[in-house]
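Derivation of every value follows stated rules applied to the coordinates shown; laboratory data play no part. Small disclaimer: the values here were computed from a predicted structure and weren't measured. With ideal geometry, Cβ positions are generated from the backbone for all residues, glycine too; neighbour counts draw on all protein chains shown.
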Amino acid sequence: MPPWIVVMLRWICPAELVEMIEGDLIEQFHIDVQRFGPARARRKVILHAIDFIRLGILARNGMPAFNMPMAFHFFRFFFRGMKKHAGYSFINISGLALGLATVLLMMIYVLDEYRYDQSYKDSDKIFRIVSKIDMGGEILYTSFSPNALSDAIKHDYPQVEYVTRATLFGMSQALAAEKSEVNAQGIAADQAFFNIFSFQCLEGNLATALAPSNPSSIVITKDLATKLFGQYHDVVGNTLRDGRRIAAVIENVPHNSHIHFEFVTAFGPYTPEMAIWGNFGSYHYVKFKDARNVPEVQSSLQALMISRLSADPHTAGFKGTLRFQPLTSIHLDEITYAMEPSGKGNKQYAIIFTVLAIFILAIACINFTNLATVRGIRRAKEIGVRKTIGAVRLQLVMQLLGESMVAATIAMGIALTIAALALEPFNTLTQKQITFDYQSVGVPLLISFGAMILSGILSGIYPACILSSVKASSLIKGIPSVNMGGGYLSRSLVVLQFTFSIMIVSGTLVVYAQLQYIRNKNLGYQRDNVIHIHDGSKNYASFKAALLTHPGIKSICAADQNLTQVFGAGGIDWAGRTTTGAVLVHTMAVDPDFLETMKISLVKGRNFSPDGQRDTASLLVNEEATRLFATDDPVGLRVQGVNKVVQPWWALYRTFTLNRSTRRWLPF
Amino acid sequence: MPKEYLGEFEELVLTLVAILDKEAYGNAIVKEIEEQIHRQVNLGGVHVTLYRLEDKGYIKSRVGGATAERGGRRKRFFTITAAGLSLLRSMKEDRQHLWKLIPQLK
């Protein structure tokens, strides 16, 4: 009979029973040896012995710790210990609490990133068609795809259950009901949009809301309905001041959706000139009956597009590639596509955060365990006295384990409070709208609870097992003379903890330096003390005049787009051009105070004239554009732009960089 | 006081303690169950049941009888108490009463 069985039995069985149980096992072993031979008997005795680990035996160990006076004693002792070593307890518990809270928030963030767009039904069958366009050397990734796609798919690809076009209105629109007027962000889409994205319909009929027969229909979200009408029921059938009729009210768009809107209008039919393959002008979403058909449809459409592009003289030089991008991977896709409807996530950040969370969790647990272990060993005398009075081993183990579990639980409680309180600023920081509900917090909570229990047990088990096994007399004499073992373990844990800490601190410093660089890098324009107000007001002139009377405001300018996020680029042509192929530039309409307000310095030429009337055909370009035009003195050069208007242009200003990559920039 | 009940296994073990009279201990009970009704039972299960029956007062135990094949460990012998015997008897009577009510057997 293996000797470890005896050791194990002494551990689990009450003292008054263990002798007879051992006897019975040995006797059974001898019987089995004669019956089955030694090998099988050995196996059997192990099974028999393990079979004794049952509640009916364990519970017989007598648990005086669980009766009321002992419970009181336990907690009294625990809090006395906390008070006596207040500094230690504070560091220990708050350390674990902070660690757990950080990990909780980080995991909430990461999971939220990974859960993007998963709330839509059948999200694994929904794809967005995105494009990679090679315009003679310059490669453009865009989430737009050719306008001709939707008709082609509808006619020739039965594998695709639904297809919709969608486009985002670059700016919010003013919607006016009888009593109120609000600005709202909207999209235009086809009827199939609601077949693809499962939005809960609160009122009205989504099946016909965007049908081509109702071009003036509009579908609004619950929030927008409330803003417009003060309520979100009984609003269907109302008309807005511009004549559009509310066709349906839907639930708000979930915050972790890659596309956000407050209203949807019907997507008008394309004119024949627009519905061409070379016009990458809208989003396309498709829903497959069976996602296994995706590669086949993708390559077939790809071939079709290439043949159509080369057939059209305007786009003969274009090389386009289509990709069916799974809906759920849009947010964390490795490729950043232009025209993304909302802020894209970063998979690297998600991974870094996960690794950081694991590190922090490890540090917090190791720290807690080490501190508690050291303190547990210091309590040798107390345990010696307890033993002398007659504490059973299990009682001691329960007491020490219990104390560290209680400490860990307190830390967890504090961590939860911190996380709950920090969620609001955390949401602001990460631009998310996470609420403390099971959906977003469930898994992180489980992880933290696991860590709490693990560190509680780990920090308690060592002193519990070692100290309770040492003789009372040697405990009372002072620090026990026996080798406490584990010295190695705790020392290597400390080393590991410091390694992690140093890695995190230096990593943070590097990231901080990077961010400082991005912040302070000269982008060619002034960012400090500039604010941006989004307002569709038509009384701009008087608004501006009124604001300028305020002493704190130096200058004001109007622009049709936000400088940090410019939508749309157009192809241009100019006199004396030597290159071929399409050239895209970004444009923005501004008023004469633009340069003054943004502190952009002129290199050559002059600014728009203050009255703003004479220069309607003039342009300002940046240095990057000059390089493009391959001329030293661009002032006076005639450029043919998007609107087919011949525009002489006047001035040249310093290049400014956007998003760390230089983009061409040409206001008119 | 509500009527006491025993589980099937408890009843079996209690019966065996009664059968083995003063010689009932863990191994003997396992062996006897195997010989009489060809049923394999676990030593651990028998022990736990014995302790439970002792808690309920249906059997009592004494210690003794160390032998060489037990590595010098003593045995814990169980004997049935008066309460145990009367419970066993009342269970048997209840069972017989119910048996008589099965229509196919009439």
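In terms of its alpha-carbon gyration tensor, region A:213-347 comes out prolate; a/c meets the 1.5 threshold, and the first ratio a/b outweighs b/c.
Compared with the direct C-alpha span, the chain from residue A:35 to residue A:241 gains 64.5 nm at full extension, assuming 0.36 nm per residue.
Between the beta carbons of residue A:139 and residue A:547, assuming R0 = 35 Å, the FRET efficiency works out to 0.20 to the nearest 0.05. Remark: relative contact order (region A:123-258) = 19 percent; criterion is Cα-Cα distance under 8 angstrom and separation of 6 or more residues.
Residues whose amide H lies under 5 Å from that of residue A:202, counting only those 5 or more places away or on a different chain, are A:249, A:250, A:251; hydrogens are built 1.01 Å from N in the peptide plane. Each of A:229, A:79, A:197, B:9 was scored by other Cβ atoms within 10 Å of its Cβ. Arranged with the fewest first, they read A:79, B:9, A:229, A:197.
Label-to-label distance for residue A:251 and residue A:435 is 1.1 nm, based on points extended 7 Å past Cα in the beta-carbon direction.
Determine, from the Cβ-Cβ distance of residue A:298 and residue A:207 and an R0 of 35 Å, the FRET efficiency 1/(1 + (r/R0)^6), rounded to the nearest 0.05. Efficiency for this residue pair is about 0.75. Projecting the alpha carbon convex hull of region A:110-150 along each direction and taking the average yields 4.7 nm².
Peptide B:40-48 shows a mean partner chain C-beta count of 6 within 10 Å per residue C-beta. Summing charges over all other residues whose Cβ lies under 11 Å from the Cβ of residue A:36, with Lys and Arg as +1 and Asp and Glu as -1, gives +4.
For A:340, A:262, which order do you get if you count the other beta carbons within 10 Å of each Cβ and list the fewest first? It would help to have the intermediate numbers written out before the result.
Working: A:340 19, A:262 24.
Result, fewest neighbours first: A:340, A:262.
Quick one: net charge of residue A:110's neighbours, Cβ under 12 Å, K/R +1, D/E -1? That works out to +1. Taking each residue as 0.36 nm, the span from residue B:19 to residue B:68 lengthens on full extension beyond its C-alpha to C-alpha distance by 15.1 nm.
Annotation for residue A:274 and residue A:115: the two label points, set 7 Å from Cα along the Cα-Cβ direction, are 3.8 nm apart.
Debye-formula intensities of region A:376-442, expressed as log10 I(q)/I(0) at q = 0.26 Å⁻¹, are -1.10 (one equal scatterer per alpha-carbon, no solvent).
Taking a ≥ b ≥ c as the square roots of the eigenvalues of the Cα gyration tensor of region A:1-151, is the shape rounded (a/c under 1.5), prolate (a/b larger than b/c) or oblate? Walk me through the intermediate numbers first.
Numbers: a/c = 4.21, a/b = 1.81, b/c = 2.32.
Oblate.
Using the beta-carbon distance between residue A:381 and residue B:60 and R0 = 45 Å, what value does 1/(1 + (r/R0)^6) give for FRET efficiency, to the nearest 0.05?
The formula returns an efficiency of 0.60 here.
Between residue B:38 and residue A:231, the simple label model (points 7 Å from Cα in the Cβ direction) yields a spacing of 7.9 nm.
Is the shape of region A:99-240 best called rounded, prolate or oblate, per the rule: a/c under 1.5 gives rounded, else a/b larger than b/c gives prolate, else oblate, with a ≥ b ≥ c the square roots of the Cα gyration tensor eigenvalues? Oblate.
Relative contact order of chain B: 27 percent, from C-alpha pairs under 8 Å at least 6 residues apart in sequence. With neighbour counts taken as other beta-carbon atoms within 10 Å, the residues A:201, A:365, A:13 rank, fewest first, as A:201, A:13, A:365.
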